[in-house]
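Asks: There's a structure below that I have some questions on.
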DNA sequence: CTGAATTAGAGAACTTTTTCTCGATAATTA
DNA sequence: TAATTATCGAGAAAAAGTTCTCTAATTCAG
């Protein structure tokens, strides 16, 4: 028998599907606010302008079971996704880099309801150490590894200049970090066991710049959706 | 005969390859600063901890021709990539949203050498209109479509709250934008002809949160690289 | 109570991306 | 001058991801 109402075994989850779940999640929340109580994958696909089978496969992957002809109970589905992604169990995170990007990240107060809580900020700049940004005290970088170890922080955010990214990553690894979210435009190397997510704007910029020059300015008429 | 030293026909360029070029580009620049003059794909792969054939395919895709047993002239390769991506021909861009994220984006002075120049900033908030951020005047949002049309701006950046993202995108489309770089955590719908790039942190957060809970904390020993 | 319509689920087909393999070429060494 | 080796270039194979198609279950209408 197949697993039914249990999302215990996370066999093989496509990265692409994982990254689409937040899109569904937000759309579902809007529907909920609109007072809807049942939803089918087809509804969701229509609302977002996406392929219905793609949405179905993604939802199916989370392990939730729907009813033919009806779909899913909206509230159940929303909670299921929260639980599937771990968004209802915030994980501690440390941020390194209290510059403009770091400050912007500290301002995102919705992170906590999406699985992450930034519990400490570190910087190497004496000017910044001791100051408070969005209610969090900036600490000296040298305290980072100990803090990670002591507080069992699983996630580290890097928001420092490219040149400093690798050494910050190394410090995090020393402290025993499990995952790194790297916002610096730099390729950092970490042990294979570390989960690494790069948020490098220049990757997107390369794609955009190339397409602007090479994708012909079509006289498109059809309305469609995103990537 | 196959096209040799001409990157004129942009047949089918894999998105994934496009997004890796900046990684190579930066590594090559570092090598150049280190005084190296020749480089092979194998060198590059080694420096980055990536698969050599992957690197070879990506470089090959750009259309540059190398010499067996030697590789490429470093400077030629760097310039070739700049030219291939259009990074040596900055494209005008408008930014909407002068909040903390928008300000951080305006602070990235390296964008201009990477194919993009933010020429104007718009916001709907009266408090912000008229102020200068990183030497650029914040203009009222209602002037956006005209500005795009008049100045032939091909690229628009959205850095507003999620709720406002769709209407800003609509204004850009009205103005005749060709590509949109969306930093708002929202799914915007645009005509198919528009190139859309989403930079949604919650996509990454979903992936990270899920993996932290489901990828076992391996006792890995091997050193490896990123995604 | 019966038939029509809608939807989840599952597998097949297709596409895209990555990895593997091998021949050709140029530099290096004997 | 010939053998050797490192590297590019290109095609084939494999893997990953997306789309298509069909079946079974359930609701709704008559």
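The values are calculated or read from the model by the stated rules, or taken from the named source; none is laboratory data. As the structure is a computational prediction, the values presented were derived from the model and not from experiment. Note that we place each Cβ from the backbone using ideal geometry, even for glycine, and neighbour counts take in every protein chain shown.
Asks: For region B:49-70, name all the residues that are closer than 22 Å to residue B:87 by Cα and within 12 Å of DNA strand C (Cβ to nearest atom).
Replies: If the condition is that a residue be closer than 22 Å to residue B:87 by Cα and within 12 Å of DNA strand C (Cβ to nearest atom), then B:55, B:56, B:57, B:58, B:59, B:60, B:61, B:65, B:66 are the ones that fit.
Asks: Limited to region B:27-63, what total is found for residues that are assigned to a loop (DSSP other than H, G, I, E, B) and either more than 21 Å from the chain's Cα centre (by Cα) or within 6 Å of DNA strand D (Cβ to nearest atom) (or both)?
Replies: 7
Asks: A further question follows. Every residue in region A:139-169 that is in contact with a strand residue (DSSP E or B) (Cβ under 6 Å, 6 or more places away or on another chain) and within 20 Å of residue B:211 (Cβ to Cβ), please.
Replies: Residues satisfying the conditions are A:153, A:154, A:155, A:156, A:157, A:158, A:169.
Asks: Now, a different point. Check whether at least one residue in region B:99-118 is buried (at least 16 other Cβ atoms within 10 Å of the Cβ), more than 12 Å from DNA strand C (Cβ to nearest atom) and more than 13 Å from chain A (Cβ to nearest Cβ), and report yes or no.
Replies: no
Asks: Can we say residue A:24 is outside any helix (DSSP H, G or I), crowded, with 21+ Cβ neighbours inside 10 Å and either at pLDDT below 85 or more than 10 Å from DNA strand D (Cβ to nearest atom) (or both)?
Replies: Against the criterion (outside any helix (DSSP H, G or I), crowded, with 21+ Cβ neighbours inside 10 Å and either at pLDDT below 85 or more than 10 Å from DNA strand D (Cβ to nearest atom) (or both)), residue A:24 does not qualify.
Asks: Name the single residue, out of those in region B:31-70 being closer than 20 Å to residue B:113 by Cβ, out of contact with any strand residue (DSSP E or B) (no Cβ under 8 Å at 6 or more places or on another chain) and surrounded by 13 or more Cβ atoms within 10 Å (Cβ to Cβ), that is nearest to the other protein chains (Cβ to nearest Cβ).
Replies: Selected residue: B:62.
Asks: Condition first: in contact with a strand residue (DSSP E or B) (Cβ under 6 Å, 6 or more places away or on another chain), within 15 Å of DNA strand D (Cβ to nearest atom) and in contact (Cβ under 8 Å) with a residue 40 or more places away in the chain. Now tell me which residues in region B:71-94 satisfy that.
Replies: B:74
Asks: Select from region B:166-200 the residues that are within 7 Å of chain A (Cβ to nearest Cβ) and either out of contact with any helix residue (DSSP H, G or I) (no Cβ under 8 Å at 6 or more places or on another chain) or within 16 Å of residue B:151 (Cα to Cα) (or both) and list them in ascending order.
Replies: Result: B:178, B:179, B:192, B:193, B:196, B:198.
Asks: Okay, next question. What number of residues within region A:95-108 are assigned to a loop (DSSP other than H, G, I, E, B) and without any contact (Cβ under 8 Å) to a residue 12 or more places away in the chain?
Replies: Matching residues across region A:95-108 total 1.
Asks: Taking region A:33-53, which residues are in contact (Cβ under 8 Å) with a residue 24 or more places away in the chain and under 20 Å from residue B:186 (Cβ atoms)?
Replies: A:36, A:39, A:43, A:48, A:49, A:50
Asks: Just for strands (runs of 3 or more DSSP E) wholly inside region B:146-227: which have at least 2 residues that are modelled with pLDDT under 95?
Replies: Answer list for region B:146-227: B:195-198.
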